[in-house]
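Following: one structure in structure tokens, then a few remarks.
Taken together, the values in this text are just the output of simple stated rules run on the coordinates, not laboratory data. Since we're looking at a predicted model, the values are computed, not measured. Here Cβ is always computed from backbone atoms with ideal geometry, including for glycine, and neighbour counts include all displayed protein chains.
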Amino acid sequence: MPVVKARLQSTLILLIILATVVVTVAYSAVSVEGVRNRISSKIRERSKIENLVIKVVPFQSDYWTQRGRFKSIVVSADRIERKGIAICNAYTKGFDVTLDIQELYGGGEIETKSRKRTVFTGRIYKDDLNKLLALKDTPIQNLAIEFEDSKLVCTGTYRFGFGHRLRMVGKLNVEDHRKVNLVPTAASVNGIPLPAGPLRSLLNKLNPLIDFQTIPLKPRIDTIEIKDDYILVKG
């Protein structure tokens, strides 16, 4: 038994040494251009993109580059679409960003371990928002959104029954600076107020309308403005 235990300990020590060597080799290969190319490659693999621009600014010391920490990272595009969410004129800038280098150079996502702050702007046009709605599993057929007087107006027909026309008027609310929810101020079916139970069930399937956790650098969202034919998002 002592011999077996000693062999197991030796094997464990060897595995730890090998893992350390692998990580060291991976880190030694890190460069600003390599990080930029990896970010670009992963975004293009996972998104429909138009005119992608990425800028990676390192700290003066290469010590931080090897550990995935950068002075700033900018990701911008004329249009980026992923998981049904389409954002136009998208611009994200992260300050003092630390990326998960192992995930970035491996097969994982672009994982942001930390960042001091982000700046974000983007537009979500009404047509793209309605395409996103069509992907959601709700009991409403032909669910569509219109913009009226800086408010959202949702209309559609309940799948169960005949001629049950839904109309919801509401605003947008940001939850945890990441998720955008529809908050109705009025909801009715055939002109009759929709009871709280069915309304809550519908909103559970509908919200979040938009989840910005899928956006690179996971920007913090602060404000949403409803324009004539698009939603202006800022962070």
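Brief remarks follow.
- Candidates Pro198, Pro216, Pro139: whichever shows maximal mean-square fluctuation once the chain is modelled as a Gaussian network with Cα springs under 10 Å: Pro198
- Of all the options Gln102, Gln60, Gln141, the one that moves most in a Gaussian network model of the chain with Cα springs shorter than 10 angstrom is Gln60.
- Applying 0.36 nm per residue to the separation of Lys116 and Val183 and subtracting their alpha-carbon distance, the gain on full extension is 21.1 nm.
- Based on DSSP H segments of at least four residues, each scored -39500 (n - 2.57), the chain has a per-residue ellipticity at 222 nm of -9500 deg cm²/dmol.
- Residue-count net charge about Gly106 - beta-carbon cut-off 14 Å; Lys, Arg +1, Asp, Glu -1: -3
- Taking amide hydrogens as placed 1.01 Å from N in the peptide plane, the amide H of Ile210 sits under 5 Å from those of Val180, each at least 5 positions away in sequence or on another chain.
- Build a GNM of the chain with springs between Cα atoms under 10 Å apart, and of Ala134, Ala77, Ala186 the one that fluctuates most is Ala186.
- Karplus-based coupling profile of region 100-111, in residue order and whole Hz: 7, 5, 4, 5, 5, 8, x, x, x, 7, 7, 8, with θ = phi - 60° in 6.51 cos²θ - 1.76 cosθ + 1.60 and x standing for Gly or Pro.
- Each label was represented as a point 7 Å from its Cα along the Cα-to-Cβ direction; for Lys205 and Val74 these points are 4.4 nm apart.
- Shape summary of the chain, radius of gyration then Dmax from alpha carbon positions: 23.6, 82 Å.
- At R0 = 35 Å, FRET efficiency that the Cβ-Cβ distance of Asp100 and Glu148 yields, to 0.05: 0.20
- Placing R0 at 45 angstrom, the Cβ-Cβ distance between Ser61 and Glu225 gives a FRET efficiency of 0.65 after rounding to 0.05.
- Pairs beyond 27 Å (Cα-Cα), from Lys93/Lys179; Lys171/Lys205; Lys42/Lys205; Lys42/Lys227: Lys42/Lys205; Lys42/Lys227
- Residues Arg46 and Arg165, FRET efficiency given R0 of 30 Å [Cβ-Cβ distance, rounded to 0.05]: 0.20
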